[in-house]
Amino acid sequence: MPTGKMESGCVLSILETAFPHPAEEYADAFFCQEMTAALEAAAKEYKTRFLETVDEIRAGGLESAEFVLRREEKKNKTVNVPLLREEMPDLFAEVVFVSPADAGKLLSKKFLYDATKKLIKDRIVNYEQVNLKDLETRLPAPEFSRYVSERVVPKGYVIEVKS
């Protein structure tokens, strides 16, 4: 009979019994790296299987004597913007904003740059950026490579088996 929860400690205990971890540090790090990749892949497979099975249960109207399908929900609060704007215009003016993401969609990059430069003047040089794709479409390859460089950025560590 299912208990309703599969404890991660129980799964970990089973895995550690089936796959004891090596004592040597490099071997243990390699083992953990490989186990992490395997478990992430397995988790992805189980998630996909879960979603497909829930779709089948819902589509077929299936029922179980042991289980119930319950939709989880969370509550999000939202402001009634038109009502606040109409009934409390002074307060509305104090708290209203446009999100940076929406501003970026609504206004051009050039407009945002010019407005920011007008506001902070010479300090803009600390924030200036150029989009690689925009530059690439405007410059031929030889000129493009003059202005673009690659740099190695640390990403983390990986343990490899010596060949």
Give the residue, chosen from 48, 17, that is hydroxyl-bearing (Ser, Thr, Tyr) and open to solvent by less than 80 Å² (accessible area, probe 1.4 Å). 48
Residue 159 open to solvent by less than 100 Å² (accessible area, probe 1.4 Å), without any contact (Cβ under 8 Å) to a residue 12 or more places away in the chain and of a type outside the set (Phe, Trp, Tyr): no
Can you say whether residue 55 is under 18 Å from residue 158 (Cβ atoms) and either part of a helix (DSSP H, G or I) or not small (Gly, Ala, Ser) (or both), as far as the supplied structure shows? no
What number of residues in the stretch 8-40 are at pLDDT below 95 and of a type in the set (Asp, Glu)? 1
Identify the residue in the stretch 68-108 that is in contact with a Leu (Cβ under 9 Å, 6 or more places away or on another chain) and part of a loop (DSSP other than H, G, I, E, B) and, among all such residues, is least open to solvent (accessible area, probe 1.4 Å). 96
Does the stretch 117-132 hold any residues that are part of a helix (DSSP H, G or I) and either among the basic types (Lys, Arg) or without any contact (Cβ under 8 Å) to a residue 12 or more places away in the chain (or both), and which are they? 117, 118, 119, 120, 121, 122, 123, 124, 125, 126
For the stretch 151-163, indicate whether the set of residues that are modelled with pLDDT under 95 and farther than 30 Å from residue 26 by Cα is non-empty. no
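The values are calculated or read from the model by the stated rules, or taken from the named source; none is laboratory data. No experiment lies behind these values; they were computed from the predicted model shown. Glycine gets a Cβ as well: all are built from the backbone with ideal geometry, and neighbour counts include every protein chain shown. Note: accessible area is taken over every heavy atom of the protein model, side chains too, but ligands, DNA and RNA are not part of it. Shrake-Rupley method; radii C 1.70, N 1.55, O 1.52, S 1.80 Å.
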